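The block underneath contains the structure these notes are about, expressed in structure tokens.
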Amino acid sequence: MKLYLIGMPGSGKTTLGRALAAHYALPFLDLDAEIVARAGQVIPAIFLQHGEAHFRRLEAEVLRDIAARPGPLVLATGGGTPCFHDNLAVLLEAGVTVWLDVPVAELAARLSKGVEKGSRPLLATSGPTEKWLQETLSTRTRFYQQARLRCAGARARLRRWRLRRRPRGLRLHQRPNCRRTCNFVNIILRHR
Ligand SMILES: Nc1ncnc2c1ncn2[C@@H]1O[C@H](COP(=O)(O)OP(=O)(O)O)[C@@H](O)[C@H]1O
Ligand SMILES: O=C(O)C1=C[C@@H](OP(=O)(O)O)[C@@H](O)[C@H](O)C1
Ligand SMILES: [Mg+2]
């Protein structure tokens, strides 16, 4: 099974994805990191030199390559991934999608550090972070809300992901039509 994490920048896709993959001993991939490896340039440089349209083409291409790989993995997508080039169809078809739906105020607090803004070219050039996050979320929600599962609220903190027992495996696919609001602990405990 492939688990795809989607959601706004700062929602924790990379952080949670890495933690989940380690917990379940699954391979972890970060789409942005894969794009950087393929392009030989960091994300801000790709945007600066080639523009966002080029980045979106690369993103779509690398996503399709990953989706076509055999075997399970956890993939942290980029915030815009589901919203371009019919990528959402690829994500919905080839795995279980989880939307990390974190309130804008919490996203803004997490992203307020210079290091976080500097690595995200759309944020670095957007003006006030909270305004950009709010506007961007309102255009992206129609994509994000098609995820099979939604993990809502700022409560989904890292400490909640540290589970004591090692589950036999993620079996979210047993509930293919499940679209519910719950935290990750509940998702894992109810579906293993
Ligand atoms: N659940 C969380 N609670 C508090 N801070 C978090 C949480 N998830 C991520 N962060 C922090 O927010 C920032 C962005 O996280 P990241 O995983 O890179 O998000 P994304 O990949 O969705 O953009 C990082 O500084 C990270 O440490
Ligand atoms: O929201 C976006 O459009 C983007 C989010 C970034 O990933 P994160 O969501 O991991 O920050 C990265 O893909 C790129 O800077 C574009
Ligand atoms: Mg990320």
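The values are calculated or read from the model by the stated rules, or taken from the named source; none is laboratory data. Please read all numbers here as calculations on a predicted model, not as lab measurements. In this analysis, Cβ positions are derived from the backbone assuming ideal geometry, glycine residues included, and neighbour counts consider all displayed protein chains. With ligands, DNA and RNA removed, areas are computed over all heavy atoms of the protein, side chains included. Shrake-Rupley method; radii C 1.70, N 1.55, O 1.52, S 1.80 Å.
On inspection, Pro72 does not qualify as of a type outside the set (Asp, Glu) and within 15 Å of ligand 3 (Cβ to nearest atom).
Evaluated against (1) within 15 Å of the chain's Cα centre (by Cα); (2) within 13 Å of ligand 1 (Cβ to nearest atom); (3) closer than 18 Å to Ala39 by Cβ, Ile66 falls short on exactly one condition, (2). Within region 7-27, the set of residues being away from ligand 3 (no atom under 11 Å from the Cβ) and among the aliphatic types (A, V, I, L, M) comprises Ala19, Leu20, Ala21, Ala22, Ala25, Leu26.
Exactly one residue among Asp86, Asp65, Asp30, Asp101 is of a type outside the set (A, V, I, L, M) and within 12 Å of ligand 3 (Cβ to nearest atom), and that residue is Asp30. Asp65 falls short on exactly one of the conditions (1) part of a helix (DSSP H, G or I); (2) of a type in the set (D, E, K, R); (3) within 17 Å of Gly10 (Cα to Cα), and that condition is (3). When the residues of region 33-42 are filtered to those that are within 12 Å of Glu61 (Cα to Cα) and crowded, with 17+ Cβ neighbours inside 10 Å, the one that is nearest to ligand 2 (Cβ to nearest atom) is Ile35.
Sort out which residues of region 23-43 are more than 14 Å from ligand 1 (Cβ to nearest atom), of a type outside the set (D, E, K, R) and part of a helix (DSSP H, G or I), and write them in order of number. His23, Tyr24, Ala37, Ala39 - these are the residues of region 23-43 that are more than 14 Å from ligand 1 (Cβ to nearest atom), of a type outside the set (D, E, K, R) and part of a helix (DSSP H, G or I). Figure legend. Inter-residue proximity from region 1-30: first residues within 11 Å of ligand 2 (Cβ to nearest atom), second residues acidic (Asp, Glu) and outside any loop (DSSP other than H, G, I, E, B), beta-carbon distance below 6 Å, spacing 6+ or different chains. Indicated pairs: Thr14/Asp30.
Take the residues in region 1-22 that are part of a loop (DSSP other than H, G, I, E, B) and aliphatic (A, V, I, L, M), then tell me which one is most open to solvent (accessible area, probe 1.4 Å). The qualifying residue most open to solvent (accessible area, probe 1.4 Å) is Met1. Of all residues in region 40-62, those satisfying the criterion of being away from ligand 3 (no atom under 16 Å from the Cβ) and aliphatic (A, V, I, L, M) are Ala45, Leu48, Ala53, Ala60.
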